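Worksheet: one structure, shown below.
The values are calculated or read from the model by the stated rules, or taken from the named source; none is laboratory data. Everything numeric in this text was worked out from a predicted model, so none of it was measured. All Cβ positions, even for glycine, are placed from backbone atoms using ideal geometry, and neighbour counts span all protein chains on display. Quick note on the areas: whole protein, heavy atoms, side chains included, nothing else; ligands and nucleic acids left out. Shrake-Rupley method; radii C 1.70, N 1.55, O 1.52, S 1.80 Å.
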Amino acid sequence: MSSAIGISVCIACRNEADRLATCLESVEWADERIVMDLASTDDSAAIAERHGARVVRRDPVPIVEMIRNEIAAHATNDWILVLDPDERVTPGLADELRRAAAQHDVDAVIMPRMNWDLGYPPSNPNERYEQQLRMYRKSRVQWPVIPNALPQVTDARKYRVPSTDDTVLVHDRNRNIPEVLDRIVRYAPLQAQSMIDRGQLFSARAMFVSLGTRAKRQFIDGKAWRDGVPGMLRAAILVGFHFYIWA
């Protein structure tokens, strides 16, 4: 029987044994935790079971957006908290999520996500408190399958978590350069295809305008130099990812 205020945490996982435990421990307060294991060859599934999560097994997919709704279908609660194994919920955020789930006029929760890259958090608020829709009612909201897309929910039905260090979703995004390259190889071709499907035509001008806008946002508006070498590397990685999409 589905609960109107219970929260089910849904995680897609493939070979994340070194990070999954921390993620699951951060949501021990949740009513249910589901890990969809995508044919991991490490101990991911065993770690999930040891931490009390329900494990559902499935063949691998290139990106998790393709199976978000599939994982949610296994949940027994209406509220779905979407997490990746490289993310963890802070105690302050957990309190905010429980508070949001108890409100009848809310269908989705926008929370700040702090993106750590190469072992460093950003000082730029756009990256330190990146606004993410990560909890929603599955009876009212469906997850889009387009890479890096988020569900569309009217502002009146959203609950916004305050942007503070105590209420963030911590995202250990890129620990090293091999992880950066792996993420680019998996996501960029699919995101490029989604641009084609939406009618985007390639031109050198369109590419340089797009990359110039992103470079300005990351290096100048984001004041990347304030975070030293890690900040400059983070900005270069994010701009480089979009260059690869266009290429």
| Answer from Arg186, Arg214 - the residue that is farther than 17 Å from Glu130 by Cβ and either open to solvent by less than 50 Å² (accessible area, probe 1.4 Å) or assigned to a helix (DSSP H, G or I) (or both) | Arg186
| note | Taking first residues from region 51-73 that are farther than 15 Å from Pro85 by Cα and second residues anywhere that are among the polar types (S, T, N, Q), the pairs with Cβ under 8 Å that are 6 or more apart or on different chains are Asn69/Gln142; Ala72/Ser8
| task | Pairs only if they're at least six apart or on different chains, beta carbon under 7 angstrom, first in region 144-155 and without any contact (Cβ under 8 Å) to a residue 60 or more places away in the chain and at negative phi, second among the polar types (S, T, N, Q) and assigned to a loop (DSSP other than H, G, I, E, B); list them, first residue then second. | result | Pro151/Gln142
| Of the residues that sit in region 34-81 and are in contact with a helix residue (DSSP H, G or I) (Cβ under 6 Å, 6 or more places away or on another chain) and among the charged types (D, E, K, R), which one is surrounded by the fewest Cβ atoms within 10 Å (Cβ to Cβ)? | Asp42
| In the list Ala48, Ala17, which residue meets the criterion of being small (Gly, Ala, Ser) and more than 20 Å from Arg134 (Cβ to Cβ)? | Ala17
| query | For the subset of region 104-145 comprising residues that are closer than 21 Å to Val180 by Cα and part of a strand (DSSP E or B), which member is most open to solvent (accessible area, probe 1.4 Å)? | reply | Tyr120
| said: Go through (1) in a helix (DSSP H, G or I); (2) open to solvent by less than 70 Å² (accessible area, probe 1.4 Å); (3) within 30 Å of Ala94 (Cβ to Cβ) for Phe241 and report which single condition fails. | reply: (3)
| query | Only one of (1) surrounded by 13 or more Cβ atoms within 10 Å (Cβ to Cβ); (2) part of a loop (DSSP other than H, G, I, E, B); (3) at pLDDT below 95; (4) polar (S, T, N, Q) fails for Ser163. Which number is that? | reply | (3)
| query | Given (1) touching a helix residue (DSSP H, G or I) at 6+ places or on another chain (Cβ under 7 Å); (2) over 16 Å from Arg68 (Cα atoms), where does Val145 come up short, assuming only one miss? | reply | (2)
| remark: Only one of Ala235, Ala156 is open to solvent by less than 30 Å² (accessible area, probe 1.4 Å), modelled with pLDDT of 90 or more and part of a helix (DSSP H, G or I), namely Ala235
| message | Against the definition (open to solvent by 30 Å² or more (accessible area, probe 1.4 Å), free of Cβ contacts under 8 Å to residues at least 60 places away in the same chain and touching a helix residue (DSSP H, G or I) at 6+ places or on another chain (Cβ under 8 Å)), how does Arg88 come out, yes or no? | response | no
